[in-house]
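Here is the structure we will look at.
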Amino acid sequence: MSDSPSLGFDTLQIHAGAQPDPATGARQTPIYQTTAYAFRDADHAAALFNLEEVGYIYSRLTNPTVAVLQERIATLEGGAGAVCCSSGHAAQIMALFPLMGPGRNVVASTRLYGGTITQFSQTIKRFGWSAKFVDFDDPEAVKAAIDEDTRAVFCESIANPGGYITDLDAISAVTDAAGLPLIVDNTLATPYLCRPFDHGATLVVHSATKYLTGNGTVTGGCVVDSGKFDWSASDRFPSLSAPEPAYHGLKFHEALGPMAFTFHSIAIGLRDLGMTMNPQGAHYTLMGIETLSLRMQRHVENAVKVASWLEADPRVEFVTYAGLPSSPYHDRVKSICPKGAGGLFTFAVKGGYDACVKLVDAVELFSHVANLGDTRSLIIHSASTTHRQLTPEQQTAAGAAPNLVRLSIGIEDAHDLIADLDQALARATA
Ligand SMILES: *Cc1c(COP(=O)(O)O)cnc(C)c1O
């Protein structure tokens with residue numbers, strides 16, 4: 001199957017990267033449940049280890065089922081290559097790993113998945129890395145935060161949990177001028193709603209756990225490279241531009257051009273960090289991706305209906321969904337994610353923290369879980385769960401203030417979702 005860019009999204013989400021299995025003709029991509037691959041002979045083995053020939057060695061590095069998923073996601077994002085890994089959080093470390101080093105920093109948005117704020121503000125310090133958090137609605141603040149040790153700029157296209165939309169064009173103008181890569185977490189938008197590379201992003205990361213798989217069955221992640229960043233334009237990215245001691249002195253950018261980042265991520269990132277996606281997980285995500293556009297259309301349609309109903313309800317103070325004309329981010333939908341603002345948003349319940357906690361206990365159809373992007377509708381009170389580790393100031397800056405409840409709108413009948421919220425709000429605010 002040719003992955004010609006002239007093919008439409010609905011076609012590519014089913015066909016990109018896949019073909020009938022050459023060994024058996026199996027039409028669906030087989031789950032290659034194998035650790036190792038037989039070498040033809042000693043020369044073949046040597047060529048594979050020297051990256052002179054592309055092929056399979058060991059499933060910590062590459063696996064045929066995972067490879068189909070990598071090509072599928074790279075194609076849908078319009079990237080040069082992709083590497084799948086064990087989770088969305090693994091993908092974030094994998095994206096930063098070739099760029100960072102002790103003393104280096106990443107400039108990141110205050111509006112991020114709660115776990116990412118913790119990963120960036122605490123855990124990466126163990127590697128000698130650090131993060132500076134700024135408001136990405138203010139590109140001048142992003143510019144001001146960049147210093148000589150900055151190696152990347154990080155944000156979400158549609159940001160968790162409030163569904164805010166980042167002006168990727170304005171941010172990439174700043175990173176272009178600074179000669180830095182822009183990393184965009186596209187988990188909430190998926191490539192169906194937003195293509196960050198069209199807005200100047202360098203790398204895209206995904207939690208495949210969410211909409212890409214779509215039904216809460218997998219933990220997985222992916223890093224996609226646009227293939228367009230010039231790693232050799234400065235001496236700031238020696239792991240890609242200079243002889244890499246961890247791979248017998250290979251100069252990845254010189255040797256592999258637009259595939260430098262992808263090969264580095266496999267040959268060093270997966271080899272030494274070992275955050276590998278398993279073939280069974282890749283299979284489930286491939287199944288999910290086949291219906292991505294259909295699901296995203298329904299997620300958006302339902303989110304608009306539920307958010308509009310909530311906004312008109314007297315028990316609700318406000319709704320943060322960018323798909324509503326009242327949102328300050330509504331204008332960005334047209335330019336950044338023209339097919340819709342996604343399926344995730346928060347709303348403020350009159351009655352604050354206590355009413356929110358009662359509400360999550362009162363719903364019957366919505367599931368009270370720490371996940372999003374499922375076919376089923378989900379609810380969570382971020383301040384007491386996913387954003388619990390943050391200070392109240394960080395919670396509010398991240399869009400997870402104590403009076404807010406987050407909804408991940410599924411693909412059920414919208415009127416059933418509204419009826420459930422109606423009865424739950426009645427009990428929570430009684
Ligand atoms: C869930 C999520 C992550 C982390 O992904 P995991 O697969 O849970 O590790 C990162 N970013 C966003 C936006 C997420 O929603």
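Checking Thr29 against (1) surrounded by fewer than 22 Cβ atoms within 10 Å (Cβ to Cβ); (2) more than 26 Å from Thr150 (Cα to Cα); (3) in contact (Cβ under 8 Å) with a residue 40 or more places away in the chain: exactly one of these is not met. Which one? That leaves (1) as the condition not met.
This table checks each residue for (1) closer than 22 Å to Ile411 by Cβ; (2) out of contact with any Leu (no Cβ under 7 Å at 6 or more places or on another chain).
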residue	(1), (2)
Asp272	no, yes
Gln297	yes, yes
Lys305	yes, yes
Pro314	no, yes
Leu324	yes, yes
Pro328	no, yes
Ile336	no, no
Phe345	yes, no
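Per-residue answers, yes or no, for (1) at positive phi; (2) of a type in the set (Asp, Glu); (3) more than 13 Å from the chain's Cα centre (by Cα):
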| site | (1), (2), (3) |
| --- | --- |
| Ile57 | no, no, yes |
| Glu77 | no, yes, no |
| Val83 | no, no, no |
| Ala91 | no, no, no |
| Leu96 | no, no, yes |
| Pro102 | no, no, yes |
| Ser109 | no, no, yes |
| Tyr113 | no, no, no |
| Gln119 | no, no, yes |
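Restricting attention to the range 40-75, the residues being within 15 Å of Thr29 (Cβ to Cβ) and outside any loop (DSSP other than H, G, I, E, B) number 11. Counting only helices (runs of 4 or more DSSP H) wholly contained in the range 265-363, the ones carrying 2 or more residues that are assigned by TED's automatic domain parsing to the domain that holds Gly399 and surrounded by fewer than 19 Cβ atoms within 10 Å (Cβ to Cβ) occupy 292-311, 330-336, 352-362. Summed over the range 82-104, residues that are away from the ligand (no atom under 15 Å from the Cβ) and closer than 14 Å to Arg271 by Cα total 2. Looking at Thr116, Thr110, Thr187, just one residue is among the hydroxyl-bearing types (Ser, Thr, Tyr) and more than 10 Å from the ligand (Cβ to nearest atom), and that residue is Thr110. Residue count for the range 163-184 under the criterion of being under 16 Å from Leu96 (Cβ atoms) and within 12 Å of the ligand (Cβ to nearest atom): the result is 2. The residues of the range 382-413 that are touching a Leu at 6+ places or on another chain (Cβ under 9 Å), within 21 Å of Ala428 (Cβ to Cβ) and within 16 Å of the ligand (Cβ to nearest atom), listed by number, are Ser382, Ala400, Arg406, Leu407, Ser408, Ile409, Gly410. Being buried (at least 20 other Cβ atoms within 10 Å of the Cβ), aliphatic (A, V, I, L, M) and in the same structural domain as Asp272 (by TED's automatic domain parsing) is true for just one of Val106, Val83. Which residue is that? Answer to the check: Val83.
Considering the range 89-117, and only residues there that are assigned to a helix (DSSP H, G or I) and in contact with an Asp or Glu (Cβ under 8 Å, 6 or more places away or on another chain), the residue that is farthest from Met277 (Cα to Cα) turns out to be Thr116.
Looking only at residues of the range 191-219 that are under 10 Å from the mean Cα position of the chain (by Cα) and within 11 Å of the ligand (Cβ to nearest atom), we find that the one that is surrounded by the fewest Cβ atoms within 10 Å (Cβ to Cβ) is Thr209. A residue that is over 17 Å from Ser207 (Cα atoms), basic (Lys, Arg) and more than 16 Å from the ligand (Cβ to nearest atom) can be found somewhere in the range 59-76.
Here are some residues: Thr375, Thr391. Which one is hydroxyl-bearing (Ser, Thr, Tyr) and at pLDDT below 95? Result: Thr391 is the single residue among Thr375, Thr391 that is hydroxyl-bearing (Ser, Thr, Tyr) and at pLDDT below 95.
Within the range 144-185, the set of residues being on the phi > 0 side of the Ramachandran plot and surrounded by 20 or more Cβ atoms within 10 Å (Cβ to Cβ) comprises just one member, Gly163.
The values are calculated or read from the model by the stated rules, or taken from the named source; none is laboratory data. Quantities reported herein were computed from a predicted structural model and do not represent experimental measurements. We place every Cβ from the backbone using ideal geometry, glycine too, and count neighbours over all the protein chains shown.
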